[in-house]
Amino acid sequence: METQNHKLHIAFFPFMAQGHVIPAIHLTKLFVSRGLKATIITTPADAPFIRKKIENSGTQINIFTIKVPAVEVGLPENCENFHSATSPEMQAKFFKATTLLGPQLELFLKQRKPNCLVADMFFPWATDVASKLGIPTLIFHGISYFALCATLCVHLYKPHNQVSSDSEPFVIPNLPDKIELNRKKIPDFVKDGVENEFKKMYEESMEALKSSYGVLVNSFYELEHSYADHYRNVLGLKAWHIGPLWLCNEVEDQKLSTDEHECMKWLDRKKPNSVVYVCFGSLANFGDAQLLEIAIGLEASGHHFIWVVNKQNIIEENWLPEGFEERIEGKGMIIRGWAPQVKILSHEAVGGFVTHCGWNSTLEAVCAGVPMVTWPLFAEQFYNEKLITQVLGIGVDVGAQEWIRVDGEIVKSENIEKAVRKAMVGEKAEEMRSRARGYAEMARRAIEEGGSSYTDLNSLIEELRSRAITTETS
Ligand code: UDP
């Protein structure tokens, strides 16, 4: 039988943004490490980045390029990834452009005939394209089981319609824990009366959960077992947990990185757990007023810090308090641009992490056993905050009250100072650190042979293999 002799072929189709592409590369490498053949579908703009990552690792992965129809939706021709869509209007158009990729995907599937398509959650239409050709689609959400359950229950039960104001709390129904939110903390596109590209995509991606073959979850069972069980047994959907993905590639990635950022030497001179690391992921972009509050709050906390400031903020350097850089000399480091986050978090000097609760950052902190100060901004980050602070007990919230907007709420320096102190020192901090370290150990065991993520991936591969054999022989 052909499939017994030939490798199973999986095609990966990530959304064109770094937060999606990086885990997709890890995911692809993981499948290849289990003997499968893999192709990544991407744009000419993102291909060199992906190629470099896989070439360095010596892994055999094919790349297939498609062209985003940017001009057709009114974007500049070179707008081929989300980072080059720099305004909400451009971003909406970019989403629109991706929905026009169906014919190119279909052509690829017809030519290469993969046994399975792993499509990004932002491409819900891809499930239909593949199923017409008899190819099963797994959806890669890149979010936690907790956020998957919460998103689905908000979608199904619409608890936000039961309250009379944006700040009135509601409980998300049908979850294992009592999780309270309000309308300010859930996305606009979830709400009734909003019609836009995001809303359309969100509605379709909820439907695709049911019509797809299942979802791949970048998480591990021990971290959120009640939500993993809930998703499968109560909400009745198929899922496989296969993470933490970056940890599966960690050893190899560490071997490959030769250039050491100056912050690592700086950290070597610090005492264990004495430095707080502050970073808000790859997309967040604070205004000057918020940056000023962060600077004041960090200085007032008295803790040493590494603070990553997104380069796009830096037009003029007038967002720092007078004399700040001189005063913090030796105590604080500002990294303008990209920081080696995983390495920083793993350094023994780092004792806390102020994070926007992006799922990759959250998992990286969990795997490093570092307590968090949660400061969600958008997407599913307000759900992740609840998981971190309420369910897992490994973080304190800074008090962010709503999705970030240009003219939105500013988190005050006093709140930042207080939350940093709570996460860094004292009885509560030690308890959180010890719990976080427990999860870090569980994460490592989960990806080892026989561990929960290792085993779940095995059962998925076996299922795909027997499906492929049945299809071939029928
Ligand atoms: N990241 C990094 N250095 C930076 C900023 C971000 O290495 O200076 C990495 C971080 O380790 C994580 C990813 O970028 O893997 C951010 O993903 P996440 O899901 O946390 O947030 P997003 O960027 O999607 O909002």
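Counting Lys and Arg as +1 and Asp and Glu as -1 over every other residue whose Cβ lies under 13 Å from the Cβ of I40, the net charge comes to +3. The value of relative contact order for the chain, using C-alpha pairs under 8 Å at least six residues apart, is 14 percent. If R0 equals 25 Å, the separation of the Cβ atoms of E409 and L156 corresponds to a calculated FRET efficiency of about 0.30. The modelled label-to-label distance for the pair V194/L107, using points 7 Å beyond Cα in the direction of Cβ, is 3.6 nm.
Per residue of the chain, the DSSP helices (runs of n ≥ 4 H) give a summed -39500 (n - 2.57) that works out to -13000 deg cm²/dmol at 222 nm.
So the label point goes 7 Å from the Cα of K52 along Cα→C-beta, right? Which residues of the range 7-46 then have their backbone N under 12 Å from it? It comes to 46, nothing else. Take the Cα of E472, step 7 Å toward its Cβ, do the same at F378, and the gap between the two points is 4.6 nm. Based on protein heavy atoms only, the range 350-474 ends up with 41 Å² per residue of surface accessible to a 1.4 Å probe. Under 22 Å of direct C-alpha separation, and excluding same-chain neighbours fewer than eight residues apart, K238 reaches these lysines: K132, K210. Net charge within 12 Å of V411 by Cβ-Cβ distance, Lys/Arg positive one each and Asp/Glu negative one each, not counting V411 itself? Taking every Cβ under 12 Å from that of V411, the sum is -4. Projecting the Cα atoms of A423, C248, W403 onto the dipole axis of the chain, where Lys and Arg carry +1 and Asp and Glu carry -1 at the beta carbon, places C248 farthest toward the positive end. Secondary structure note: in the chain, about 5% of the DSSP beta bridges are antiparallel. Each Lys and Arg contributes +1 and each Asp and Glu -1, all at the Cβ; summed about the Cα centre of the chain, the dipole is approximately 1120 debye. Each residue, E427 and S87, gets one label point 7 Å from its Cα in the Cβ direction; the gap between the two is 5.4 nm. Packing, taken as the mean count of other beta carbons within 10 Å per residue, orders the peptides 143-150, 422-429 from highest to lowest as 143-150, 422-429. Within a straight-line Cα-Cα reach of under 23 Å, K428 can be paired with the following lysines, leaving aside sequence neighbours fewer than 8 residues apart in one chain: K178, K270, K271, K386, K412, K418.
What is the sum of charges around M90, taking Lys and Arg as +1, Asp and Glu as -1, for the other residues whose C-beta is under 15 Å from the C-beta of M90?
Charge balance near M90 sits at -3.
The share of accessible area on the range 336-468 that comes from carbon and sulfur is 48 percent, using a 1.4 angstrom probe. Dividing the mean sequence gap of close Cα pairs (under 8 Å, 6+ apart) by how many residues the range 1-152 holds gives a relative contact order of 23 percent. In this view, the solvent-accessible surface of K158, computed with a 1.4 Å probe and all protein chains in place, comes to about 60 Å².
A full extension of the chain between E441 and D229 corresponds to an added length of 74.2 nm, given 0.36 nm per residue minus the alpha carbon distance.
The fraction of accessible area contributed by carbon and sulfur in the range 41-172 is 53 percent, rounded to a whole number (1.4 Å probe; ligands and nucleic acids excluded). From the Kirkwood radius over Cα pairs of the range 152-255, Stokes-Einstein at 4 °C and 1.567 mPa s returns a whole-number translational diffusion coefficient of 81 µm²/s.
The values are calculated or read from the model by the stated rules, or taken from the named source; none is laboratory data. None of the values given here were measured: they were computed from a predicted structure. Ideal geometry is used to build each Cβ from the backbone, glycine not excepted, and the neighbour counts take in all protein chains shown. Note: accessible area is taken over every heavy atom of the protein model, side chains too, but ligands, DNA and RNA are not part of it. Shrake-Rupley method; radii C 1.70, N 1.55, O 1.52, S 1.80 Å.
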